[in-house]
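Here's the structure, in structure tokens; my notes come after.
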Amino acid sequence: MDMPATAGSKASASDSIGEQSDVVIEAMNLTKTYRDFWGRQKVRALKALDLEVRRGEVFGLLGPNGSGKTTTIKLLLGLLFPTSGQALVFGKEASDVSKNERIGYLPEESYLYKFLNAEETLDFYGRLFDMPTTDRRRRTDELIDMVGLGWARRRQLKEYSKGMTRRIGLAQALINDPELILLDEPTTGLDPIGTREMKDLIIRLRDEGRTVVMCSHLLADVQDVCDRIAILYQGELKELGRVDQLLTVRDVTQIQAKGLDRAAEDEIKAVIQKHGGSLLSVENPTTTLEELFLDIVRDSEARPGRRAQEKQ
């Protein structure tokens, strides 16, 4: 929803920039400190976070419990207010609730009405967005099929398993056809098949041009679907960049070839040509996201205060 014309030319210019920019989310020195009843600092959940999320990418927020992932999501939604710094979504202040009409949100725990069935649940959330009746029905049918719950569309949610509840929660997050989708632990409670289907849905959303931000501590899930990641630890950004770049082991080179006899397997690159082999690739091998994450945690404990530089 655009700001009304009476808000002035400054607001209109900001909206225009937000529409045109490839940067959907921008956090600048974003900090959140929780205080006790007396106003004393209790927990600094987020410390001077700087990052950008670009249009059409799957961006992963990765970190252990208490690292600031959910706090970041709530700051972006305007559910929390920053202690200092700034967060912009679509070029608007995160506290501007009008931008939430363009956002879908799946929290870590889906708070749904258990006495409603899948159709009634999606119809209810469609009404919250003032969707016309025909649009609600069409969108409800599309989403129930998308998340694979056609066979249980008229069962009350109290009869759903946790995995089924997760699926209808995702459908609820997509009811308004959002441009930006925030997913907090989207594969929680899903079996391996459901997990694979959820990851396929996330990739499908990206291919449709939507922007997805997902929080997770399941490293394999992040590695499979995310284009870029930010690793948080104790509220601080410790690593930022493309997944493929971060996982490349740059001081090791691997050579892949075919057509070689056994004697040539132990030879170096020059010998491959001597034995008539075909050189398929020369590249750096990659580590796993689990190994990268654990290395960053250990390094953070050894060198507190180190800040991330995005890997290109």
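Numerical summary
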| read-out | value |
| --- | --- |
| Spacing of the two label points (7 Å from each Cα toward its C-beta) at residue 158 and residue 101, in nm | 3.6 |
| Estimated distance in nm for a label pair at residue 275 and residue 251, the labels positioned 7 Å out from Cα along Cα-to-Cβ | 2.8 |
| Nonlocal amide H pairs with residue 286, under 5 Å, H built at 1.01 Å | 249 |
| HN-Hα J in Hz across region 201-218 - Karplus 6.51, -1.76, 1.60, θ = phi - 60°, x for Gly and Pro | 5, 5, 5, 4, 4, 4, 5, 7, x, 7, 9, 10, 10, 10, 9, 6, 10, 8 |
| Proximal aspartates and glutamates relative to residue 238, as straight alpha-carbon distance under 16 Å, when same-chain residues fewer than 8 apart are discounted | 50, 52, 290, 291, 295, 299, 301, 310 |
| Added length on full extension, which subtracts the Cα-Cα distance from 0.36 nm per residue, residue 86 to residue 207 | 40.6 nm |
| Built amide H within the under 5 Å cut-off of residue 80, gap 5+ | 75 |
| Cleavage-rule hits, chymotrypsin sites (Phe, Trp or Tyr not before Pro), region 35-91, DSSP coil, Cβ neighbours within 10 Å at most 13 | 37, 38 |
| Euclidean distance of C-alpha centroids, region 156-208 and region 111-128, integer Å | 15 |
| Under-5 Å amide H pairs with residue 24, H placed in peptide plane, nonlocal only | 53, 54, 55 |
| Cβ-Cβ FRET estimate between residue 244 and residue 40, R0 fixed at 45 Å, reported to 0.05 | 0.55 |
| Tail weight of P(r) past 25 Å, computed on alpha-carbon pairs of region 27-163, percent | 44 |
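The numbers here are math on the coordinates, done by the rules we state, and not lab data. Quantities reported herein were computed from a predicted structural model and do not represent experimental measurements. A quick note on method: Cβ atoms are made from the backbone with ideal geometry, for glycine too, and the neighbour counts reach across all protein chains shown.
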